[in-house]
Every structure is written in C-alpha cells, then in structure tokens.
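Here, each number is a calculation from the coordinates, and none is a lab measurement. Since this is a predicted model, take the numbers as computed values, not measurements. Here the Cβ positions follow ideal geometry from the backbone for every residue, glycine too, while neighbour counts run over all protein chains shown.
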Amino acid sequence: SQQGEEDPQALSIQEGENATMNCSYKTSINNLQWYRQNSGRGLVHLILIRSNEREKHSGRLRVTLDTSKKSSSLLITASRAADTASYFCATRSNDYKLSFGAGTTVTVRA
Amino acid sequence: SAVISQKPSRDICQRGTSLTIQCQVDSQVTMMFWYRQQPGQSLTLIATANQGSEATYESGFVIDKFPISRPNLTFSTLTVSNMSPEDSSIYLCSAQPGQGIYNEQFFGPGTRLTVL
C-alpha cells in the first residue's frame, strides 16, 4: 500500500533553477529512498537516508528527513534538461518492503 | 549495487493469453521483488520472490494470476496469466543486495505490457 504522499504533483522550472519536492509518510520508518524515473522506464536509485540521519548530499542532490514531522524533501540544484523525470520517494519499515509515494513530475525548460 | 535486466522490455498481448517476464541480477541477492506500475500511477508491490519457497503475495494479488518462480539467487520470473486490458502496466523487478535494513533496493528497466 502507498504510504507516501508527494507534493507538488508536477513542477516546471527553468534550467539552472533549483527544484524542491516533498514527501510525507504516515508510519515510522527505517529509511527513505528517492528514485528517478524517465519516461515510464525503470527506476534509478538516487539516495537513501536512514531514520537517524537528518540530511544527506549526493552531487547536486540534497535530501532532508524530519522524522518528527514524518516528511522528507529532495532538492535538485542547478537543474538541467536531463533532470526532467518523475521522482518518487519510498519508505521502508521493518519488513523490507518499500511503500512508494505518488511521485512528482519535474519538467526542466531549456 | 546491483544491475538488473528484464526480458522482454515490452510486449503487446491478446486478452486471455499469458506472458512470462524474466529478471536477471548480476550478483546473488537474497531479496527480490516484483512491482506493478499502472499508467500514470505509482508503484505497487505484487510479491516478494523467495528463493526455495513460494512467493509472498500482497493483498489484492494472487498466485494463480501472478505465479512467480525463484530458482536461484540471481533469477526470477513473473507470469501474468489470463490477461485482460486491466493488466496493461509496467512490471518492474527489484532486488536488494544484502539483508541489512539500510541496504538500497535497485530496480530493473521494467517490462511495458499492453493487453488488447
């Protein structure tokens, strides 16, 4: 079942701008993972943040996690046309299963 | 990490037929999963493919409709049986190297199925 809710549903930005998307969830988690999906293809793993971590960076990506608010954010800095994709958050509790959010569709305009 | 391949990448099938999707991982993994992504939707877990035992299905999915095999630690198949147009989806295989709760889960490129 889907635990995560993401907002916004869609985001359109100019190349070079930053893109921020948020994910909220309902139950306690062990970790939260962010994925990118291009044009209905497979999911590319972006970053995993543990429940005891508050922030994590990977290249132009910055992920935050606030377990008290049950929310996470993904920031993409200096966006490029190649960042155009759908982004999903997925939470994992103790049972190894991932529950996915609805996703945010990001369009980067040249 | 794990590199996952799936075959076929896409198919168009007739109502009432069955399709078997293959998933190959480049390393031995304990945990493999099958997901479905309906058009414009997010991912829903179909089942966990267990090596040496029957798959564990999520609510709303049954073995007769989605039989799964897991003959070894690098390979799994998902069959979509007696297909109807409602089965048109992307089917994704996933694997988690290692058993740690903090291990990343990786996905294959997906199989895009259209049922006419």
Along the range B:105-116, what does the Karplus equation 6.51 cos²θ - 1.76 cosθ + 1.60 (θ = phi - 60°) give for ³J(HN,Hα), rounded to whole Hz, x for Gly and Pro? 10, 10, 10, x, x, x, 10, 8, 10, 10, 10, 9
In the range B:1-94, what is the volume of the convex hull around the alpha carbon atoms, normalised per residue and reported in Å³? 97 Å³
Cut-off under 16 Å on the C-alpha distance; same-chain residues fewer than 8 positions from A:LYS56 excluded. Which aspartates and glutamates are left, in chain and number order? A:ASP66, B:GLU104
Calc'd 3J(HN,Hα), the range B:56-73, phi into Karplus 6.51 cos²θ - 1.76 cosθ + 1.60 (θ = phi - 60°), Hz, glycine/Pro = x, comes to 9, 9, 7, 4, x, 10, 10, 5, 5, 8, 10, x, 10, 10, 8, x, 8, 7
Please order B:GLU58, A:GLU55 by the number of other Cβ within 10 Å, starting at the fewest. A:GLU55, B:GLU58
Choose one of A:GLY103, B:GLN24, A:GLN14: the residue whose Cα lies farthest towards the positive end of the charge dipole of the protein assembly as shown (beta-carbon charges +1 Lys, Arg; -1 Asp, Glu; about the Cα centre). A:GLN14
Once phi for every residue in the range B:39-55 is put through the Karplus expression 6.51 cos²θ - 1.76 cosθ + 1.60 (θ = phi - 60°), the whole-Hz ³J(HN,Hα) values, with Gly and Pro written as x, are x, x, 10, 8, 8, 10, 6, 8, 6, 9, 8, 9, 6, x, 8, 5, 5
Reach of B:LYS7 by Cα under 25 Å, taken over lysines that are not fewer than 8 positions away in the same chain: A:LYS97, B:LYS65
Express the Stokes-Einstein translational diffusion coefficient of chain A in µm² s⁻¹, to the nearest whole number, given a Kirkwood radius over alpha-carbon pairs, 37 °C and a viscosity of 0.692 mPa s. 238 µm²/s
Across the protein assembly as shown, what fraction of all alpha-carbon pairs, as a whole percent, falls in each successive 10 Å bin from zero upward? 8, 33, 35, 19, 4, 0
What are the lysines whose alpha-carbon lies under 17 Å from the alpha-carbon of A:LYS69, with same-chain residues fewer than 8 places away excluded? A:LYS26
Which residues' amide hydrogens lie under 5 Å from the amide hydrogen of B:VAL115, considering only partners 5 or more residues apart or on another chain, with H built in the peptide plane? B:CYS13, B:SER88
Counting only other chains, and only Cβ atoms inside 10 Å, what mean value do you get across the residues of B:56-62? 1
